[in-house]
1. So which of Glu69, Glu49, Glu4 ends up being at pLDDT below 85 and outside any strand (DSSP E or B)?
2. Considering each residue of segment 3-49, count those that are hydrophobic (A, V, I, L, M, F, W, C) and in contact with a His (Cβ under 9 Å, 6 or more places away or on another chain), and give that number.
3. Restricting attention to segment 52-66, and to residues there that are in a helix (DSSP H, G or I) and open to solvent by 100 Å² or more (accessible area, probe 1.4 Å), which single residue is modelled with the highest pLDDT?
4. Counting only residues that are among the hydroxyl-bearing types (Ser, Thr, Tyr) and open to solvent by 80 Å² or more (accessible area, probe 1.4 Å), which one in segment 25-51 is farthest from Thr15 (Cα to Cα)?
5. Find all pairs meeting these conditions: Cβ atoms under 6 angstrom apart; at least six residues apart or on different chains; first residue within segment 13-30 and under 20 Å from Gln41 (Cβ atoms) and assigned to a helix (DSSP H, G or I); second residue among the β-branched types (Val, Ile, Thr) and open to solvent by less than 40 Å² (accessible area, probe 1.4 Å).
Amino acid sequence: LKDELHKRMHMDLATVGSWLRSVYRGWCQYHAIPGNYDRLQQLRTALQELWFRRLRLRSQRGRRLETAEPNPIKMIRQDDKSQQVDPARPGQSL
């Protein structure tokens, strides 16, 4: 994963963000079982650190990229929230 992210370092941010999102979602769909939240959190944190480290290497202007660049992890969270189903109304999203 680290090598693949390094290869994609100079690609468009949206492309890399969507790739990271798909990696994270696939990993979560495979490993998400009750009681495994710590591992999911660990992967999310590791992906976030790798992402920002690559963005910092890419930048020549400064180190404050957290506010300037999109965060794929936040995009993942928003996508997950939009897919949640309301238990009171089956078949309808929240």
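1. Going through Glu69, Glu49, Glu4 in turn, just one is at pLDDT below 85 and outside any strand (DSSP E or B): Glu69.
2. If we filter segment 3-49 for residues that are hydrophobic (A, V, I, L, M, F, W, C), which is where we start, we get 5, 9, 11, 13-14, 16, 19-20, 23, 27-28, 32-33, 40, 43, 46-47.
Next, from what is left, pick out any that are in contact with a His (Cβ under 9 Å, 6 or more places away or on another chain): 40, 43.
Count: 2.
3. Selected residue: Arg53.
4. Tyr37
5. Arg21/Ile76; Tyr24/Ile76
The values are calculated or read from the model by the stated rules, or taken from the named source; none is laboratory data. All of these numbers come straight from a predicted model, not from anything done at the bench. With ideal geometry, Cβ positions are generated from the backbone for all residues, glycine too; neighbour counts draw on all protein chains shown. Keep in mind that these areas ignore ligands, DNA and RNA; they rest on the heavy atoms of the full protein, side chains included. Shrake-Rupley method; radii C 1.70, N 1.55, O 1.52, S 1.80 Å.
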